[in-house]
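The values are calculated or read from the model by the stated rules, or taken from the named source; none is laboratory data. Predicted model only: the values in this text are computed from it and were never measured. Quick reminder, even Gly has a Cβ in these numbers, built from the backbone with ideal geometry, and neighbours come from all protein chains shown.
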Amino acid sequence: MDNGVRVETPRALVENVLQLISLPEIYLRLQQTIDDPEHSREQIAEIIAYDPSLSARVLRIANSSYYGFAREIETVASAVGIIGELDLRNLVLATTVVGSMSALKYRGINIDEFWLHSLRCGITARLIAKTTGGPESEILFLAGMLHDIGILVIYQQDEVLADAVKRQIEEQHQLRDQAERELMGFDHAEVGALLIEAWGLSEALSELTRCHHQYQLARSDQQATMILALANLLTSSDLAQDGEYDSRHEFLIGKLELDENNLDEIVETSGQQCAEIKSIILG
């Protein structure tokens with residue numbers, strides 16, 4: 001489109017950074033072991049224990065209010081048994097992907113605010129899922145951590161583009177995804193979904209990422225996509241300062257059959273859990 005901005009295709013943008021960012025080796029080993037039908041809990045624990053720092057972080061999160069277990073979890077093997085292998089795998093990915101993305105340049109992005117929003121979004125999505133009795137809560141936590149990852153892929157490659165999007169947001173009073181689609185013909189959600197696919201992660205996670213701004217386009221689990229969309233709205237800086245929910249929130253609240261009092265409690269709990277575990281996950 002003729003707007004003075006020249007960018008590559010979403011797929012080319014992802015291919016350009018794949019040599020810089022990859023899934024952590026410990027996650028790949030963990031996934032390979034889980035895929036083996038003959039694996040044991042002890043093998044899972046041994047892989048995580050190979051990285052003492054990661055082991056300590058996993059145990060600290062397992063013993064935090066994020067899980068709220070009645071008794072202390074003292075070993076990684078116990079954490080595997082109580083949390084579950086797949087949830088633990090998602091937790092490991094969430095706690096290691098932050099470091100993996102550090103190879104990128106953050107043009108025009110406050111990286112601390114970026115990851116804090118991502119973490120808060122993931123925690124909020126997980127809490128909403130648990131409240132509604134809907135989809136698996138841990139994949140929504142992971143989706144919250146990764147939903148904006150396309151932003152880092154796009155803007156690390158083009159400072160001019162980063163500035164153009166920023167101007168569009170400020171001058172036209174648009175949301176970021178709207179400005180991106182107008183300037184580029186696609187948005188960061190599409191780029192993030194392609195990165196997740198290139199990493200070989202699940203189709204469900206890719207779709208959640210692709211549709212978190214356009215949940216009506218979800219082809220499979222629209223409830224999960226709406227939960228992520230609502231969590232993103234609740235934790236974005238453009239939420240009304242007086243705490244009132246606007247029409248975007250109200251539509252999703254109604255579709256998910258949430259009570260606003262319950263939602264206020266979710267937001268409060270999310271803030272408490274984020275304050276407790278942000279130093280563990282974000283460093």
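When you check Arg126 against the structure, is it outside any loop (DSSP other than H, G, I, E, B), of a type in the set (Lys, Arg), surrounded by 19 or more Cβ atoms within 10 Å (Cβ to Cβ) and without any contact (Cβ under 8 Å) to a residue 24 or more places away in the chain, yes or no? Spelling it out, Arg126 is indeed outside any loop (DSSP other than H, G, I, E, B), of a type in the set (Lys, Arg), surrounded by 19 or more Cβ atoms within 10 Å (Cβ to Cβ) and without any contact (Cβ under 8 Å) to a residue 24 or more places away in the chain.
Can you find even one residue in the range 73-91 that is at pLDDT below 90, farther than 22 Å from Met101 by Cα, of a type outside the set (Lys, Arg) and assigned to a loop (DSSP other than H, G, I, E, B)? Checked the range 73-91: at least one residue is at pLDDT below 90, farther than 22 Å from Met101 by Cα, of a type outside the set (Lys, Arg) and assigned to a loop (DSSP other than H, G, I, E, B). Taking the range 153-210 as the range and being more than 24 Å from Gln223 (Cα to Cα) and of a type in the set (A, V, I, L, M) as the test, the residues that pass are Val153, Ile154, Val160, Leu161, Ala162, Ala164, Val165, Ile169, Ala179, Leu183, Met184, Ala198.
For the subset of the range 168-199 comprising residues that are surrounded by fewer than 20 Cβ atoms within 10 Å (Cβ to Cβ) and touching a residue at least 60 places away in the same chain (Cβ under 8 Å), which member is nearest to Leu93 (Cα to Cα)? Here the residue is Ala198. Scanning the range 50-66 for residues that are part of a helix (DSSP H, G or I), in contact with a helix residue (DSSP H, G or I) (Cβ under 7 Å, 6 or more places away or on another chain) and of a type in the set (Gly, Ala, Ser) yields a count of 2. One residue stands out among those in the range 41-55 that are surrounded by 12 or more Cβ atoms within 10 Å (Cβ to Cβ) and within 22 Å of the chain's Cα centre (by Cα): the one that is farthest from Ile277 (Cα to Cα), which is Ile48.
Residues in the range 97-131 that are farther than 27 Å from Leu18 by Cβ and under 15 Å from the mean Cα position of the chain (by Cα): Arg120, Ile123, Thr124, Arg126, Leu127, Ile128, Ala129.
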